[in-house]
1. Quick one: which residues, 5+ away or cross-chain, put their amide H under 5 Å from the amide H of residue 121? H built at 1.01 Å from N.
2. Looking at the chain as a GNM with Cα springs under 10 Å, which of 104, 165, 51 has the largest mean-square fluctuation?
3. Please name which of 26, 87, 55 has its Cα lying farthest along the dipole of region 2-177 towards the positive end, using unit charges on Cβ (Lys, Arg +1; Asp, Glu -1) and the Cα centre as origin.
4. Gaussian network model of the chain, Cα springs within a sub-10 Å range: biggest mean-square fluctuation belongs to which of 79, 169, 66?
5. Normalise the Debye intensity by I(0) for region 2-177, one equal point scatterer per Cα, no solvent, then take log10 at q = 0.08 Å⁻¹ and round to two decimals.
6. Say R0 is 35 Å: what FRET efficiency, to the nearest 0.05, do residue 7 and residue 139 get from their beta-carbon distance?
7. Can you tell me how much longer the chain between residue 80 and residue 177 gets when fully stretched, taken as 0.36 nm per residue apart minus their C-alpha distance, in nm with one decimal?
8. Once the piece of chain linking residue 169 and residue 105 is laid out straight, how much longer is it, given 0.36 nm per residue of separation minus the C-alpha distance between them?
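Each value in this text was obtained by applying a stated rule to the coordinates, not by laboratory testing. Owing to the predicted nature of the structure, the values given are computational and were not obtained by experimental measurement. Using ideal geometry, Cβ is built from the backbone for each residue, glycine included, and neighbour counts are taken over all protein chains shown.
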Amino acid sequence: MKGGLLISGPSGGDRDAYKVESLNTLSFGGFYRYTFSNIISLQTELLYAHKGAKGMYNSSEGQIDIWYLDFVPSLQCRILDKHRCFGCLYAGPMYCLRMDAGLKSEFGGSARFYDIKSSVKPNDYGYVIGAKLGLPSGSNEFGVDVRYSSGFIAPDGTDRDVDLKNRAITVMLEMYFGKD
């Protein structure tokens with residue numbers, strides 16, 4: 001199991017037009033690791049990730065919240081194995097299934113909430129790269145995982161031509177139960 005801080009902020013050509021700022025949220029879920037050798041392993045993850053951004057357009061401030069179920073298979077390469085500590089680098093594709101989406105809009109001191117699930121594309125594809133540092137504890141492992149992820153698809157499912165894509169930096173703590 002793993003969970004931690006997800007710092008989400010879109011990339012793309014329209015980032016400046018919407019005066020976009022990062023949104024600090026959470027990501028959590030589970031994973032399974034299969035070890036091929038002392039160096040190479042394959043890890044698959046299923047994470048619940050809250051992505052989105054804060055921004056301003058015209059005179060209205062807003063926050064977009066999109067909740068995804070992320071499936072991430074990654075190839076991991078162990079680069080450090082000293083003093084009971086290990087470190088690895090990893091990379092892999094990412095498939096994100098949209099679970100829900102909302103917009104909080106503030107104008108003139110009043111806030112409104114909108115369900116925008118139908119206006120957000122149902123999925124996203126992208127990639128993940130990261131590093132992890134772990135410490136064995138009996139037959140279990142405790143670790144810290146830091147990653148960068150970026151989507152390829154703009155989540156805007158309307159007819160507007162908006163160039164904003166999901167991206168995030170995530171720092172998670174993980175606990176692996178049972179050695180490979």
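1. 156, 157
2. Maximum among the listed residues: 104.
3. 87
4. Looking only at 79, 169, 66, the largest GNM fluctuation is found for 79.
5. Here the Debye-derived log intensity ratios amount to -0.29.
6. My answer for the efficiency is 0.60.
7. This chain segment gains 32.9 nm when fully extended.
8. 20.6 nm
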